[in-house]
Structure formats: C-alpha cells, structure tokens
Amino acid sequence: MIPLVIGVMIIVAAFNLIGAVLMMILERTRDIGILKTIGTKSSIIRRIFLFEGLLVSFVGLLFGIGTSLLFSYLQLEFQLIPLSEENYYMSYVPVEPHLFDFLIVTIVTTVLCALASWIPARVAAKTDPLKVICYGR
C-alpha cells in the first residue's frame, strides 16, 4: 500500500513540475522568440528550461531532505510522536535515518525531475519565433 501512495505522490509531483516549467515558458515566450530570432539554437533553449526545472527540483529536494533530517532529529531527541505501549511495545515511534536512503531518494528524484522537465523544455525549443513576435504568444 505504501509504494502505491508514494508512486501516486511522485506522479503528482512530476505533473506539478511539468506545469511549473510550462508556466515559466509561457511567461517567457516572447523572450524565447527573440532568442531564436537572433540565432540561438533550439538545443540551448532546451537546456535553459531543463536547467530551470532541475533547479526547481533541487531546491525542493534540499527543502525536503532538510525537513526530513530536522524531524528525524526532533523525534530521536524528544520523542514527539508517542505510541501506546500496550499496543506497540514501545513508547515512541523509532526513527533511523540512513545515508543510503537519502542517496537513493536524491538520485531517483533528480532523474524523474529531469524527465519531467524535458517535456516542457522541448516545447520551448520548438517555439516558432515568427509567431511569437507577430502575435505575442
């Protein structure tokens, strides 16, 4: 059940990232048109938006890992989440952060965010400069 929930969360996060990068592209459509008009290659424009998507995901990853480490520390030190000893045979929720888990999450998140950023980056690279400059879209 937990892998299913995590899978759904990852899919939702990927679509949120795609939407965020597409919004960045829509806000900068005119700039993309100007860049293409002055001769910027599509691959460079693709890289710009791929980098922006990765930057957004990296900030989210740092925030998530930082929050996770903070809550792990607080739970280890202060046992903030108590349990009923009659039911669970322990008085608090045990937490044991592992470096390997953080590395796996970082790698998987980076790969998935790169894939999710690739789709909007391709859209930006295919922008027709003539239509953008003439119609502003």
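What follows draws every value from the coordinates through simple rules; no lab data is involved. What you see is a predicted model, and the numbers here were worked out from it, not measured in a lab. A quick note on method: Cβ atoms are made from the backbone with ideal geometry, for glycine too, and the neighbour counts reach across all protein chains shown.
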Quiz item: Between Ile6 and Ser43, how many nm apart are label points set 7 Å from Cα along the C-beta direction?
Solution: 3.7 nm
Exercise. Mind ranking 123-133, 93-103 by how tightly packed they are, going by the mean number of other C-beta atoms within 10 angstrom, highest first?
Key: 123-133, 93-103
Quiz item: Quick one: length gained pulling Ile104 to Tyr73 fully straight, 0.36 nm per residue minus the C-alpha distance?
Solution: 9.2 nm
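What number, rounded to the nearest 500 deg cm²/dmol, is the helix-based mean residue ellipticity at 222 nm of the chain, given -39500 (n - 2.57) per DSSP H run of at least four residues and division by all its residues?
On the way: 6 runs with 110 residues, N = 137.
Roughly -27500 deg cm²/dmol at 222 nm, from the helical runs in the chain.
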Self-check item: Whole-Å distance, taken between Cα centres, linking the stretch 97-137 and the stretch 1-34
Solution: 8 Å
Quiz item: DSSP H helices in the chain with Cα extent of 20 Å or more along the helix axis and mean Kyte-Doolittle hydropathy at least -0.5?
Solution: 2-27, 42-78, 99-125
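Would you order Ile25, Ile119 from fewest to most other beta-carbon atoms within 10 Å of each residue's own beta-carbon? Write down the numbers at each step before the final one.
Values: Ile25 21, Ile119 15.
Listing Ile25, Ile119 from fewest to most nearby Cβ atoms yields Ile119, Ile25.
If contacts are Cα pairs under 8 angstrom and at least 6 residues apart, what is the relative contact order of the stretch 16-135 in percent? It would help to have the intermediate numbers written out before the result.
Working: 101 pairs, mean separation 58.7, N = 120.
Result for the stretch 16-135 is 49 percent.
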